[in-house]
1. Step through the residues of the stretch 64-70 one at a time and calculate ³J(HN,Hα) from phi using the Karplus curve (6.51 cos²θ - 1.76 cosθ + 1.60, θ = phi - 60°), rounding each to whole Hz and writing x for Gly and Pro.
2. Any chance you could look up the accessible area of Ile315 with a 1.4 Å probe, heavy atoms only, rounded to 10 Å²?
3. Return the distance in nm (one decimal) between the two label points of a simple spin-label model at Ala314 and Ile173, each offset 7 Å from Cα along Cα→Cβ.
4. Report the paramagnetic label zone for Ala24: residues of the stretch 43-74 whose backbone N is under 15 Å from a point 7 Å from Cα along the Cα-to-Cβ axis.
5. Taking square-rooted eigenvalues a ≥ b ≥ c of the alpha carbon gyration tensor, is the stretch 112-229 rounded, prolate or oblate, where a/c under 1.5 means rounded and, failing that, a/b exceeding b/c means prolate?
6. By the gyration tensor of its Cα atoms, with a ≥ b ≥ c the square roots of the eigenvalues, what is the shape of the chain: rounded for a/c under 1.5, prolate for a/b over b/c, or oblate?
7. Using helices alone, what [θ] at 222 nm do you get for the chain, with -39,500 (n - 2.57) per DSSP H run of 4 or more residues, divided over all residues and rounded to the nearest 500?
8. Residue by residue through the stretch 96-111, what is 3J(HN,Hα) from phi via Karplus (6.51 cos²θ - 1.76 cosθ + 1.60, θ = phi - 60°)? Round to whole Hz and write x for glycine and proline.
Amino acid sequence: MNSLYRFYSEHFSGLTAAVMIAIAAVFLSEHYGGPTMLFALLLGISMNFLADHEKCRSGVDLAAKKVLRVGVALLGLRISFEAVGQLGLGPVILVVVGVFSTMVLGFILTRTMKTNCAFGCLTGGAVAICGASAAMALSSVLPSDGDRERDTIFTVVTVTAFSTIAMVLYPVIASFLGLNDQQTGIFLGATIHDVAQVVGAGYSVSDQTGDTATIVKLLRVAMLLPVVLGVMMIVRYGLKTQAAPDAKLPFPWFVLGFVALVGLNSTVEIPAQVSGFFIDLSRWCIITAVAALGMKTSFGALVKVGWMPVAVVAIETVYLAVLCLAAIFLFGL
């Protein structure tokens, strides 16, 4: 009971604020039109001050991370292996090429700008894989020095801001270029940095776009473990240095939940009422997470990091978008 009360007291205020913003976003969308996710994002940004409030901080973090993962895992009930197979091999190749080439670009940019190569690893991994989560994971296995924490903070701030901008801008770009729902889903899933923004952008276009974007994005998330392992091996043996003593190998467990539910949905006929309930729950979890991410987004903080981190992340972001669009148009993904 004590632990339950402590959890309640620590997270209630922030989580309630995120849920209330989600409810307001749904209300505005249903009564005045417009994408729910965008309303949640903008309302969340307007409440940015709550993310720094002592009573709300932990609850907002809970909504932005764990509630999001629950929502994404439950999306597995919308998707079957047949739908994954319909994507073909092209998106898989695109994801692998995009991840490794973006990380290589990060190293090249940081060497050109004569800054720490570890910063290139952080930004390249964050842009290519899954945003702030990838930055934190890679930071845990990079050499511990005076700049590591600063570089990690810079990366998280810039990547989160660019991911938020992409969530709003990329669906417009896809529409302008005449991409169909599946191509738009591939574009959004292969380019936007954070999972929440991918899901938000995808389902703001259509259900098919959201499903496709989620599958492609989770392919990128699954690249986190081999990339972190590879970086750790290079740091420990290739560079003859020691990784951070507290290094852990993270694993995106919600991906396993997603895959398990996709398998269940592909092999068992789930009653419509049951699947409908959990799909609705998934939608509310994701809207709440997007609201919380908006609350955690501070454009003022972006100004303080200087031009170099912004330039590196911007170039990597544009490169990944151009690579994806080129693959779509040249190879007919």
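The values are calculated or read from the model by the stated rules, or taken from the named source; none is laboratory data. It should be emphasised that the depicted structure is a prediction, and the values quoted were computed from it without experimental measurement. As a convention, Cβ positions derive from the backbone with ideal geometry for all residues, glycine included, and neighbour counts pool all protein chains shown. The protein model used for the area step is the full one, side chains on, heavy atoms only, and it has no ligands, DNA or RNA in it. Shrake-Rupley method; radii C 1.70, N 1.55, O 1.52, S 1.80 Å.
1. Using θ = phi - 60°, the values come out as 6, 10, 6, 5, 4, 5, 4 Hz.
2. Around 80 Å² of this residue is reachable by solvent.
3. So the two model labels end up 1.4 nm from each other.
4. Only 43-51 fall inside the zone, counting backbone N under 15 Å.
5. Since a/c reaches 1.5 and a/b is larger than b/c, the shape of the stretch 112-229 is classed as prolate.
6. Here the chain falls in the rounded category.
7. -24500 deg cm²/dmol
8. Result, ordered by residue: 5, 4, x, 5, 6, 5, 5, 5, 4, 4, x, 4, 4, 5, 5, 5 Hz.
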